[in-house]
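Read through the structure below, which is laid out as structure tokens, and then see the notes.
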Amino acid sequence: MKKECTYPREEYFPTTFRSEADMIRINLGTTIREQQQSVLAAILCLTIGILAADILIPLGFVIWVLYLVPLLMSVWLPHRYSPFLIAWLLSGALLAGSLASGSVQENVSDLPNRAVFILMIAIVALLAFEIRNNYASLEEEIAERTAAQKQLEVLTGTLEERVEMRTRELSAMNEELARDISERRRVEAALATANGKLLLLSQITRHDISNRIFALLVNLDLVKDQTAATDNRDLQDSIQNMEKNVFGIQAQIAFTRDYQEIGAQAPAWHQVERTIRSAAGQLNLAKVRLEVNTSQLEVFADPMIGKVFYNLIDNALRHGGEVTRISFSCRKEGSAMVIICEDDGTGIAEKDRQHIFSKGFGRDSGLGLFLIHEILSITGITIRECGEPGKGARFEMTVFAENYRTTYEPEP
């Protein structure tokens with residue numbers, strides 16, 4: 001749809017006409033409406049004057065050319081089809097002039113020629129109006145595009161400044177991050193070297209202590225053989241206590257070896273049933289029935305997860321009394337999976353339940369359950385004891401959703 005052009009600006013609608021000598025000034029008005037009324041009045045006056053000249057001075061084409069003036073002036077009127085309306089008015093004036101001057105009687109073709117001429121002039125005026133209207137729209141569009149281009153240039157400059165500033169900030173951050181990464185790598189390399197040396201020192205120390213313990217146990221056996229023939233009970237009891245202490249030291253050394261391996265390797269997926277049976281194969285279960293009902297359950301845990309099941313079974317055999325059955329099963333509990341280890345032994349006293357996972361608590365070394373807790377905690381697995389005293393121990397290990405997977409759904 002094309003816009004109606006009313007020429008609100010002075011460059012399209014001149015409000016003042018001046019002579020060459022600047023002696024005559026014609027003011028068409030101060031408002032758009034006044035200016036349009038002045039143009040319309042001028043067109044009517046010119047039409048009446050040309051009609052009078054046509055009647056009084058029938059010069060034909062010479063008079064007709066004068067009708068171009070009001071036609072061209074119709075361009076300044078607000079209505080889109082003003083040239084056609086003025087052409088209709090002028091056609092009426094030409095008809096009236098022809099009849100009044102009597103030229104029709106003298107020349108029959110005079111009236112149609114006048115009508116065709118007026119129509120052609122109206123078409124020319126309309127084309128001129130359209131050209132000027134399109135020129136005005138084009139000029140406005142050019143002005144809008146120029147303003148938009150200037151605004152875009154300003155925004156582009158601002159954006160370039162921001163991008164440059166942000167680029168400098170990112171470059172500085174990257175340099176700082178690169179320095180931090182380099183420093184961290186140096187620290188990690190130094191820590192790895194120190195850790196390797198400590199590990200080597202620990203292994204050598206354990207090896208030396210183990211050798212000395214072995215020599216001490218050999219000497220104790222020799223002393224036991226020498227005192228066996230005597231009836232000195234105090235000496236024999238002292239030798240047994242020494243032997244017991246030596247075994248305790250040996251257990252402590254074994255614990256340090258196991259504890260050192262916790263977290264040394266990355267956690268991985270482990271098939272629970274296979275791991276349990278592998279751990280049980282290292283113990284004497286001749287009089288105990290082992291039941292494993294975990295099917296295809298896998299857990300994401302430290303590679304020492306086998307030590308967890310080994311210690312649970314060993315703990316039942318050592319401290320459970322007359323144990324005849326050890327079972328492993330699992331159940332869903334919300335989104336988590338609970339692995340259950342229970343036996344039919346004597347169980348754990350209520351007063352000891354909250355302390356059994358503490359370091360050094362319990363019989364012997366007191367490190368087995370503590371080691372279990374530490375291994376499981378690496379991947380967020382929790383463990384608790386919830387059996388009934390006198391009916392057997394029951395350990396529940398809770399594995400959260402992201403740390404287990406299975407091909408079946410166990411019963412809740």
Verdict on Ile378 being buried (at least 21 other Cβ atoms within 10 Å of the Cβ) and either over 18 Å from Asn284 (Cβ atoms) or without any contact (Cβ under 8 Å) to a residue 60 or more places away in the chain (or both): no
Residue check for Leu290: touching a Cys at 6+ places or on another chain (Cβ under 8 Å) and at pLDDT 90 or above: no
Name the pairs: first residue in region 113-124 and within 10 Å of Ser91 (Cβ to Cβ) and surrounded by 17 or more Cβ atoms within 10 Å (Cβ to Cβ), second residue among the small types (Gly, Ala, Ser) and modelled with pLDDT of 70 or more, Cβ to Cβ under 6 Å, at least 6 apart or on different chains? Ile118/Ala87; Ile118/Ser91; Ala122/Ala87
Inside region 218-254, can you point out the residues that are part of a helix (DSSP H, G or I) and polar (S, T, N, Q)? Asn219, Gln226, Thr227, Gln236, Ser238, Gln240, Asn241, Asn245, Gln250, Gln252
For a quick check of your reading of the model, give me the residue pairs whose first member lies in region 228-251 and is at negative phi, whose second is at pLDDT below 75 and acidic (Asp, Glu), with beta-carbon atoms closer than 7 Å and at least 6 apart or on different chains. Ala251/Asp364
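The values are calculated or read from the model by the stated rules, or taken from the named source; none is laboratory data. Note that the structure is predicted; figures quoted are calculated from it, not measured. Counting neighbours? That spans all protein chains shown, and the Cβs are built from the backbone with ideal geometry, glycine included.
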